[in-house]
Structure formats: structure tokens, C-alpha cells
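Participant: My questions all concern the structure below.
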Amino acid sequence: MNQLKKILLIILFLGLFLVLDLLISPRMNPYYLQILIYCGINIILAVSLNLINGFTGQFSIGHAGFMAIGGYTSAAFTFYLGPKILETLFLPLWFSKPLVFVAGLLLGGTLAAFAGLLVGIPSLRLRGDYLAIVTLGFGEIIRVFILNIDAIGGARGFSDVPKYTSLFWVLGFTVLTIVVVRNLVYSTHGRAFLSVREDEVAAEAMGINTTWYKVTAFVIGAFFAGIAGGLLGHYLQYLHTNSFTFIKSFEVVMMVVLGGMGSITGSILAAVILTLLPEVLRPVKDYRMVFYSILLVILMITRPQGIFGVREFNWDWLKKIFSRKKAQAEGA
Amino acid sequence: MQELIQQLINGITWGSIYALIALGYTMVYGVLKLINFAHSDVYMVGAFAGYYSAHWLGIAENPSVPKAILVMLISMIVCSCLGVIIERLAYKPLRKSSRLTALITAIGVSLLLENGGQLVFGADPKFFPQLIEGQEIWSKSGIVISNLQLIALIASLTLMGILQLFVYKTRTGKAMRAVSYNIQVASLMGISTDKIITITFAIGSALAGAAGVLVGLNNPKIDPIMGLLPGLKAFVAAVLGGIGNIPGAMLGGLIIGVAEVMTVGYLSSTFRDAIAFGILIAILIFRPAGILGKSTTEKV
């Protein structure tokens, strides 16, 4: 019964996204649609990085590198192999195109996850700032290598990527990321991730395989970053290594820290805020990025634990207010 | 062979500049355990301070050595003021919060300086005036050394020597070492840690300012985001040599500089930015404390 309910819920949500996509996308201002899609992609990035940085307590600033791997791999797949597969598969296009797209995304995610494994291994020896700088270095090395592969555009950028990403896919993968990370964190394994963050030595003494959990966090985080990269590439139809510099990684780290390390809802909110902020500040033109950075510094000084800290957003406070009012009414 | 030596010379010139920037990272990391990402932009401001003061002094028309030294001093003073202001406004309120928060704030300050720089100085590159006329002082069997390269090397070595003397021979330097060893115990011993941190920022930023002018001399195109990559590589140099270690920063800077120029010369210029990080990853996996650093064991 429970299983059936879950499946129904998934179908319901997918249907809702599809309806939303079909109804809203054509009528919406393309600019707003783009912002919406960026919000979704950034939520995927922030939530997946939160698993590494927030819940497991490792400090990675190489997320853009994983994103680049995922983006380029999936784009290469749909660009080079996609047409051939579409030709050989005797299926209607509306069915086979998404199939190719999802296959590309998963391939990109898997390769990114493999890179996550490679980056996760030094994390066994390094901590804190050193790990941060190594992940940053890995991200840059990945970027430079992509820059030197001519088949995927090199310095010219990878253009003519098929446009497969739509609101439906972005919403679907955003929800998938949130659900996977949430369920993982609230499972037995999730407690193990948290224990690595709180005190590695104590966790090890309690019989937790800290190595395994650290690497797992990197692999899962990198997988979703790769998916996000694939979504971005198939939305813009163009990829350039300049979009995957460490500045992009910083942006994602900012989202995680601003939202609160170890708060999924916090990451979501911060991803939305930090995506919208530069757009909202557009009227002030040249001062835009200056305001953005000043706001960031002020926020960090006034609320260093992030918006939510380690808590999650919920409706309890509303219930509390209501129950208090009820109690007061009854008391009177 | 000649080419190799020539590359080595170019590499050492770049390396000595990386080393100067690395010193600022190493010193701040030593006392605050903070990667001061804004440091690379202080170096950018140093280059621009040099640019404007050189024009203001009318040096661009008639270059002379005393004036060049004056420009360097002005830029060092401007940078050390900037460093102290950054420390007071952005990092001091965060002394008690987590290191990550401080790191994000540092990134924020760095973004602020870059974008503010684009606003104030203009986003287009500017050409640094020739403070000293470039000459070839050695040109034999295909190897060329210019006086500018020599100046960069000598100036950074001199500044480093002064710093080393300051840290190891003066009372303030001793206090600095005490703070970097253990900030709480140092303050119990009556050291004003806030004052020491301010001095650290002032000195580190002054060195970045000097590096900015030296880069302007050797590579006259300056722009508001010029600090981004050299800054990161300088940090890599600091880690490579062993963070908190002054000769280590020098050594790390030289290694990074030479490796980079060699990569450009013999491999491909596009790999230039990857080599520094490649070295870093290798060193951190095999010797996490850096070449000259002392490894510490964690106690439970």
C-alpha cells in the first residue's frame, strides 16, 4: 500500500511538472523562464554540495569541475551519438529524444561521480583548508583539460548542443536531488555522515567507516553536479570552460554557507536568493556586483551560521502560534 | 640548453613575484588560519596604486630609479592601509565565528575589490608606465637577462630578507610568531593579539603592493581581475613551501614560477594554469605539511 502511494505520488508530481511545462513555458517571458531554470540548476548544485560540505563536513570548492565533466560528457553523448541512436531506434521521436537525453545526463553524472571518487581519495588525508584548495585545484585541472580537447570545442566552446532541457526536466531533477539527499541524510547512513562532520575520531571509534562515507559523499555530490551541468548545457545549447571556473564553485559554496551548512531547505532558499539577487540588482547596472559582494559580506558578518543554521524550514512555528492562540482562547 | 637557461631565468622572475604574494598569504594564514582570498586583489590594487602614482609624479615621461622606488613605497603604503581596513571591517567581527564563515567573507571581499576595481579603474586593461627603462644587461650566447628581471628578483629577495629579520629579531616579530603558534596562550602572555594581527595584515599587504609594482614593470598590462590566478598560485606556493614558513614561501614561489614557465615553453601555454595545481595535489598527497613545513600529529 505504502509502495503504491509512493508510486502514485511520483506519477502525480511528474504529471504536474509536465502540465506546468506545457502550460507555462510557451507563455512565459523567456527571461523569467531562464531565471527559473537557473534557479533549479543552482538548487541541484547547492543541495548536492551541501551533502559534501554541510552534512559530511568536508570542504570542497571544486563543484564547477564536476559540473563541467557532466555537462561536456552529456553534451558529447547527445551531439555525437544521439543522432545515430535516434536513427537506429524505431521509436517515435517524442519518446526516443528524452531517452537519449536522460541517458546522456546519467552518463555525465556517472563520469562526474567517477571524478568525485578521484577527488574524494585525497580527502582521506587532508582536512579543512588544504582539502578546499586541492578540490579547487582539481576543478581547475579538469577545466584546463577540457580546454585542450578539440573534439568538444576546446577554447572555442562546444556549440550546437541539442536543446533538450525544459522546465519539466529541471523541476524533475531538482526534486529528485532534494529527495535523494534528504532521504540519505535522514537514514542510518545519514547519521554516519553527520558523525564524520561532528567528530571524525569519535566516529571512527564508534566503528563508522569514515573513509567510505567521505568518498561516498563526494561521489553522490559530484553525480548531481554532473546532472546539473548536463541540464545547463542542453538548455544553453553551448558550453564554454569559462562558465566552469572556480568562481562558479565559489558561488555554489556561497549558497550552501548562506543557507546554512547542513540545512537542505536553507540551500534551496539561498540558491534561489543568490540566483535572483544579481537579476534584481540589474537596474543599478555597474554597481550590481559591488552590491552583491557587499551584501554577502554583511550577511556573513551578521549571520555567520547562514539563514537556517543546521535547522530545516518547517511549519511547526505556525502550528505553535495557532496552538498558543487556541490555548489563550480556551483560557479566556 | 640556452633555451632551458633562458626559461629558467624567466621562471625565476615570475617565481620571485609569486613568492612576494605568497608571503602575505603565509603570514595571515599563520596568525588567523584564514586563506585571505582578498590578498590577490590587494596585489591588484597595488599595481593600480603604482600606475596612478607614477602618472601623478610624472614618471612616465622621464623614468628614474629614485622615483621608481618612491612609486613602490606609495603603492606599499596604499596596500597596507587597504589590508588593515579589510581586516578591521570584514575579518575582525568574525574572529569568534567558524573558519568557514571567515573564508566565505574573504571571497566576498575579493569579489568586492574586483568589481569595485572594475568600477573605479575601468574594466579595460591599462598599460603600466615604464618606471625604469628596460635594458638588456646580459646578452651572451642567446641568453638575455634584462635589468627589470634582475630588479624583480633583487627587490623580492631584499624584502624577504627584511621580513625574515623582522620576524626573527624584533619583539613584534617574536609576538607574531607567538600568535601564530597559539593565539590564546599568546594573549594570556600579555600580547595584544589584535594589534599583532593588524600589523600582520599591514606587512603582508605591503608586500603584495610591492609585487603589484614589480609585475607592472615586467608585464605592463594591468586590469582589475589580474590578481585572480596569480593570487591562487601564490597561495599554492605558500602551501607548497609549508604554510607559515617564510623561506618556504620563497622556495614555493620559485618552484611554481619555474614550473609554469617550463610548461609554457615545452608543453603548451594552455596547461599553464593546471601545472601549479598539479604540483599542489602531488605535494599534498605525499607531504601534506609542505616542503619546509613541520608535520603535526593530531591529538585526541
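Participant: Would you mind computing Rg(Cα) / (2.2 N^0.38 Å) for the stretch B:202-300, counting N as its residues?
Facilitator: 1.18
Participant: Give the relative contact order (percent, whole number) for chain A; include only Cα pairs under 8 Å separated by 6+ residues.
Facilitator: With pairs under 8 Å counted, the relative contact order is 30 percent.
Participant: When N is the residue count of the stretch B:136-198, what does its C-alpha Rg come to as a fraction of 2.2 N^0.38 Å?
Facilitator: Output field value: 1.82.
Participant: Run the quick spin-label model on A:Phe291 and A:Leu91: label points 7 Å from Cα toward the beta carbon, then report their separation in nm to one decimal.
Facilitator: Each label point lies 7 Å from its Cα, and together they span 4.7 nm.
Participant: Here's another thing I want to ask about it. So which lysines pass the test for B:Lys67, namely a Cα distance under 23 Å, with those fewer than 8 places away in the same chain ruled out?
Facilitator: Once the sequence-local lysines are set aside, what remains near B:Lys67 is B:Lys126, B:Lys221.
Participant: Next up: Would you compute, for the Cα atoms of the stretch A:204-304, the largest minus smallest coordinate along each principal axis and list the three values in descending order, in whole Å?
Facilitator: Largest to smallest, the principal-axis extents are 55, 40, 22 Å.
Participant: Also, quick follow-up: Using all alpha carbons of the protein assembly as shown, what is the percent of pairwise distances in each 10 Å bin, ordered from the shortest bin to the longest?
Facilitator: For the protein assembly as shown, the binned pair fractions read 3, 15, 24, 25, 17, 10, 4, 1, 0, 0, 0 percent.
Participant: Rounded to a whole number, what is D in µm²/s for chain A from Stokes-Einstein with the Kirkwood radius over alpha-carbon pairs (20 °C, 1.002 mPa s)?
Facilitator: After rounding, the answer is 102 µm²/s.
Participant: Roughly what would the spin-label model give for A:Asn2 and B:Gln135, points 7 Å off Cα along C-beta, in nm?
Facilitator: A separation of 8.6 nm, rounded to one decimal place.
Participant: Volume per residue, Å³, of the convex hull around the alpha-carbon atoms of the stretch B:24-161?
Facilitator: Per residue, the Cα convex hull of the stretch B:24-161 comes to 145 Å³.
Participant: Run down the lysines and flag those whose C-alpha is under 28 Å from the C-alpha of A:Lys163, throwing out any fewer than 8 positions away in its chain.
Facilitator: A:Lys84, A:Lys97, A:Lys248
Participant: At most 15 other Cβ atoms within 10 Å plus a DSSP loop assignment makes a site exposed; report the longest stretch of chain A without any exposed chymotrypsin sites (Phe, Trp or Tyr not before Pro).
Facilitator: Free of exposed loop sites, the longest segment is A:187-314.
Participant: Against the 2.2 N^0.38 Å scaling, with N counting residues, where does the stretch A:85-216 land? I'd like the Cα-based Rg ratio to two decimal places.
Facilitator: Cα Rg divided by the expected 2.2 N^0.38 Å: 1.38.
Participant: If you count, for every residue in B:108-121, the Cβ atoms of partner chains within 10 Å of its Cβ, what is the mean?
Facilitator: Shielding by partners across B:108-121 averages 5.
Participant: What is the sum of charges, Lys and Arg at +1 and Asp and Glu at -1, for the other residues whose Cβ falls under 11 Å from the Cβ of B:Leu111?
Facilitator: -3
Participant: How far is it, in nm, from the label point at A:Ser323 to the one at A:Arg191 when both lie 7 Å from their Cα along the line to the Cβ?
Facilitator: Placing both labels 7 Å along Cα→Cβ, they lie 2.5 nm apart.
Participant: With Cβ to Cβ distances under 14 Å as the rule, what net charge do the other residues near B:Ile281 carry (K, R +1; D, E -1)?
Facilitator: Net of charged neighbours comes to +1.
Participant: Next question. At what distance in angstrom do the alpha carbon centres of the stretch A:193-228 and the stretch B:98-132 lie from each other?
Facilitator: 35
Participant: Can you give me the C-alpha center-to-center distance between the stretch B:1-80 and the stretch A:19-84, rounded to a whole angstrom?
Facilitator: Here the two parts' Cα centres lie 40 Å apart.
Participant: Here's something else I'd like to know. On a straight-distance basis, which aspartates and glutamates could pair with B:Lys96 in a cross-link, Cα separation under 17 angstrom, same-chain partners fewer than 8 positions away excluded?
Facilitator: B:Glu87, B:Asp194
Participant: How far is helix B:193-218 tilted, in degrees, relative to the longest principal axis of the Cα atoms in chain B, given as a value from 0 to 90 rounded to the nearest 10?
Facilitator: 10
Participant: If the viscosity is 1.002 mPa s and the temperature 20 °C, what Stokes-Einstein diffusion coefficient in µm²/s follows for chain B when Rh is the Kirkwood radius over Cα pairs?
Facilitator: 110
Taken together, the values in this text are just the output of simple stated rules run on the coordinates, not laboratory data. Computed from a predicted model, the values in this text were never measured in an experiment. Heads up, the Cβs are rebuilt from the backbone with ideal geometry, glycines too, and the neighbour counts pull from every protein chain shown.
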